[in-house]
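Notes for the one structure printed next.
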Amino acid sequence: MQTVREGERELPDLPERELTRGWLKASNRALDNDRSQPWKPFHRLTRAAAEPVVAHEIVEYRIELMPTANLFRPGHRICVEITSIDAPTGVAGATNAEYVPYHLASAQSTLHTIYHDTARPSRLIVPVIPT
């Protein structure tokens, strides 16, 4: 299994590896529906399209993951990690996948709730390509 973190590539027995990443600033969630696909949201990244984040408001965020490919064998599992800050991880934060654009992080604690019930289902769209 390949990984996006350079330092992990030489370590064959790691129990988990990062395959890809996706980013979205919550206020830039407005979609261009004509240019979006179910697996590839296209966000209108303009000041005019910015939408404030309102506390306790339930909002759907469509976050594109960077394209990748991997052969999953029987017994492999997929894990999605969701964070509210893009901090470097991996090998000393100095890998090709560790680009962290300059942004200000607040020291204020934030609670995010991820819904996954029948009224508000969460989903991960994973295209399967037959071998």
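The values are calculated or read from the model by the stated rules, or taken from the named source; none is laboratory data. Since the structure is predicted, the reported quantities are computational estimates derived from the model, not experimental observations. All Cβ positions, glycine included, derive from the backbone under ideal geometry; neighbour counts span all protein chains shown.
See the values below:
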{"item": "Subset of the stretch 36-52 [surrounded by 13 or more Cβ atoms within 10 Å (Cβ to Cβ), in contact (Cβ under 8 Å) with a residue 12 or more places away in the chain and either assigned to a loop (DSSP other than H, G, I, E, B) or of a type in the set (A, V, I, L, M) (or both)]", "result": "SER36, PRO41, ARG44, ALA49, ALA50"}
{"item": "Odd one out for VAL91 among (1) surrounded by 10 or more Cβ atoms within 10 Å (Cβ to Cβ); (2) at pLDDT below 80; (3) closer than 19 Å to ALA55 by Cα", "result": "(3)"}
{"item": "Of residues in the stretch 94-131 being of a type in the set (S, T, N, Q) and surrounded by 11 or more Cβ atoms within 10 Å (Cβ to Cβ), the one modelled with the lowest pLDDT", "result": "THR95"}
{"item": "Output for the stretch 17-54, where each listed residue is among the basic types (Lys, Arg), within 23 Å of VAL126 (Cβ to Cβ) and under 18 Å from the mean Cα position of the chain (by Cα)", "result": "ARG17, ARG21, ARG29, LYS40"}
{"item": "So LEU31, is it modelled with pLDDT of 85 or more, in contact with a Pro (Cβ under 7 Å, 6 or more places away or on another chain) and surrounded by 12 or more Cβ atoms within 10 Å (Cβ to Cβ)", "result": "yes"}
{"item": "Candidates GLU60, GLU81, filtered to the one that is assigned to a loop (DSSP other than H, G, I, E, B), more than 17 Å from SER27 (Cβ to Cβ), at pLDDT 80 or above and among the charged types (D, E, K, R)", "result": "GLU81"}
